[in-house]
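Working notes, structure below.
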Amino acid sequence: MLEIKDSVAVITGGGSGIGLSVAKYWLSQGGKVVIADVVESALDQATEELQGEVATVLCNVTQEEDCARLADTAIEKFGQINLVAPFAGIIKDGLMVAPDRETGKVTKKMLLDDFKAVIDINLTGVFLTVRECAERMINHNCKGLICLVSSTGSLGTAGQINYSSTKAAMSVMPKVITAEFFRRGLADRIRCVAVAPGYVGTPMVKGMNQKALDYIIGQVPIGRLIEPEEVATLVGDLYRNEALAGDVFFIHGGLRLGSKG
Ligand SMILES: NC(=O)c1ccc[n+]([C@@H]2O[C@H](COP(=O)([O-])OP(=O)(O)OC[C@H]3O[C@@H](n4cnc5c(N)ncnc54)[C@H](O)[C@@H]3O)[C@@H](O)[C@H]2O)c1
């Protein structure tokens, strides 16, 4: 079992939602955190809220040099990286093609920009964050966990062809990374998993209109949104338990998976 005490977590999207909750949890367990976000005011607000050893990095995860600077900051400030939580993410929902309900003709399509923006942040951004952190973890002999964030959307949600595609990628990456580390004799030192939450009560979900939110909650057997703190605790459990590697761990309150339309 690994201990969180004195370990160092690098968390992107750390200025809000699940990332911020993971940072709070890590500090509460005696760990240290480096939080990264593209929104400076979110980092300022988080710094005020967080108690303990915290470093912040203004970072756009789509930029290679920002991700390199983030990983370097963790090593320079705290000497190691033990948890990588690349949780920065966005949604830009819409139907791929939307036929008009009356005429049956397509009147709207998902914009290429909306497709690419989600791919850039949720997929390329994760690749860059993980690659840069993993390089430093290997070169500095660190032990720990790379914990990606997939989603129940990985199983296919209507209106999210961009988002669901990136989250499906998050559920295969732990297998690829674990296999690569296994080849080089590193898999016992650096594990990789993903958490796959259902609907979590963060700004991303609470920003929906009330009707959509009521509908969503009506689909969840436990009758409520998942709390960000519940996802953070799961990340902690996955970190501690060194038998867990290469897989995806759902946390959704019993939600029926997939989408009927
Ligand atoms: N909320 C949910 O229901 C839910 C469910 C499953 C998975 N997730 C995933 O969890 C992660 C966190 O989601 P959340 O609900 O906490 O969202 P959130 O919107 O509360 O937080 C996301 C953070 O990412 C930051 N960010 C956005 N683009 C960035 C960029 N280019 N570089 C750096 N930071 C950037 C934002 O500024 C924000 O602080 C996302 O990857 C999301 O897809 C969320």
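Per-structure values
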item	result
GluC sites (Glu not before Pro) lying in DSSP loop within the range 91-188, provided at most 10 other Cβ fall within 10 Å	Glu102
Cα-projected label distance for Leu58 with Lys77, points at 7 Å along beta-carbon direction, nm	1.5 nm
Unit charges on C-beta of K, R, D, E only; dipole of the range 75-220, Debye	240 debye
Residues in the range 10-54 reached by a label modelled at Arg240 [backbone nitrogen below 17 Å; 7 Å Cα→Cβ]	22-32
Positive-pole candidate from Ile75, Val97, Pro86, dipole of the range 29-147, charges at beta carbon	Val97
Net charge contributed by nearby residues that have their C-beta within less than 14 Å of Gly254 (K/R +1, D/E -1)	+1
Nearest-0.05 FRET efficiency for Lys143 and Ser28, computed from C-beta distance (R0 22 Å)	0.55
Neighbour net charge for Asp114 - beta-carbon separation under 15 angstrom, K R +1, D E -1	+1
Hull-based mean projected area of the range 27-106, where the convex hull spans the alpha carbons, in square nanometres	8.3 nm²
Links that overshoot a 30 Å alpha carbon limit, given the list Lys77/Lys116; Lys116/Lys143; Lys175/Lys211; Lys24/Lys92; Lys5/Lys206	Lys77/Lys116; Lys116/Lys143; Lys175/Lys211; Lys5/Lys206
Peptides ranked, highest mean first, by Cβ atoms within 10 Å: ranges 225-234, 5-14, 204-213	5-14, 225-234, 204-213
Counting DSSP beta bridges with both ends in the chain, the antiparallel % (nearest 5)	10 percent
Extended-chain gain in nm, criterion 0.36 nm per residue less alpha-carbon gap, Arg189 and Asn209	2.8 nm
Only Lys, Arg (+1) and Asp, Glu (-1) charged, at Cβ; the range 1-122 dipole about Cα centre in debye	460 debye
Highest-MSF residue in the chain out of Ile146, Ile216, Ile190 [GNM, Cα springs under 10 Å]	Ile216
Counted charge near Asn139, where neighbours are those whose Cβ lies closer than 12 Å (Asp, Glu -1; Lys, Arg +1)	-2
Charge dipole magnitude, Cβ of K and R +1, D and E -1 - the chain, Cα centre, debye nearest 20	920 debye
Cα pair count fraction exceeding 26 Å, expressed as % - the range 8-251	37 percent
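The numbers here are math on the coordinates, done by the rules we state, and not lab data. Everything numeric in this text was worked out from a predicted model, so none of it was measured. FYI the Cβ positions are ideal-geometry reconstructions off the backbone, even for glycines, and counts take in every protein chain you see.
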